Amino acid sequence: MDISDCRKISDFFRVLSHPTRIVIVLQLLEGEKCVGNLKELVKAPQPNISQHLSIMKANGIVDWIQEGKRKCYFLKEPKLLKDLFSLGDELLKRNRE
């Protein structure tokens, strides 16, 4: 692994380091969601949700499909993110003990 690879990994974790983005990923782990659905589930303004989704799309974490006038988002690598968040859960459990 060279420094370029390390930067890519760092960028990936930097994008996921925002609490709102973590909540969005957790919601998308349950399946595709449109922005309006995420707005209600995440309890944040629509422009804020859209901004976070844009950042995650630019970094290859999510993608979207058009459903009528709505954009619905999904995780590009749900298994990878599920495993990553499972590791996070395990770390939280260990820190509580």
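The values are calculated or read from the model by the stated rules, or taken from the named source; none is laboratory data. For clarity, every value in this text was computed on a predicted model and none was experimentally measured. Note that we place each Cβ from the backbone using ideal geometry, even for glycine, and neighbour counts take in every protein chain shown.
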Next item on the list: Only residues in region 1-28 that are free of Cβ contacts under 8 Å to residues at least 12 places away in the same chain and farther than 17 Å from LYS82 by Cα count as the first member; pair them with residues that are of a type in the set (A, V, I, L, M) and assigned to a helix (DSSP H, G or I), Cβ under 9 angstrom, at least 6 apart or cross-chain, and list the lot.
Entry: MET1/ILE9
Check: Just one of GLN51, GLN66 is free of Cβ contacts under 8 Å to residues at least 24 places away in the same chain and either touching a His at 6+ places or on another chain (Cβ under 9 Å) or within 24 Å of ARG7 (Cβ to Cβ) (or both); which is it?
Finding: GLN51
Note to self: Please pick out the residue among LYS71, LYS33, LYS39 that is over 18 Å from VAL15 (Cα atoms), modelled with pLDDT of 95 or more and touching a helix residue (DSSP H, G or I) at 6+ places or on another chain (Cβ under 9 Å).
What the structure shows: LYS33
Next item on the list: Name, by its number, the condition in (1) among the charged types (D, E, K, R); (2) touching a Leu at 6+ places or on another chain (Cβ under 8 Å); (3) surrounded by 15 or more Cβ atoms within 10 Å (Cβ to Cβ) that does not hold for LYS82.
Entry: (3)
Note to self: So SER17 ticks every box in (1) exposed (fewer than 15 other Cβ atoms within 10 Å of the Cβ); (2) assigned to a loop (DSSP other than H, G, I, E, B); (3) more than 10 Å from the chain's Cα centre (by Cα) but one. Which box is left unticked?
What the structure shows: (3)
Checklist line | Hey, LYS39 surrounded by 14 or more Cβ atoms within 10 Å (Cβ to Cβ), of a type outside the set (Asp, Glu), assigned to a helix (DSSP H, G or I) and over 10 Å from the mean Cα position of the chain (by Cα) or not | finding: yes
Next item on the list: Please name all residue pairs, on different chains or six or more residues apart, with Cβ atoms under 8 Å, provided the first residue is in region 30-43 and is free of Cβ contacts under 8 Å to residues at least 24 places away in the same chain and the second residue is in a strand (DSSP E or B).
Entry: LEU41/LYS33
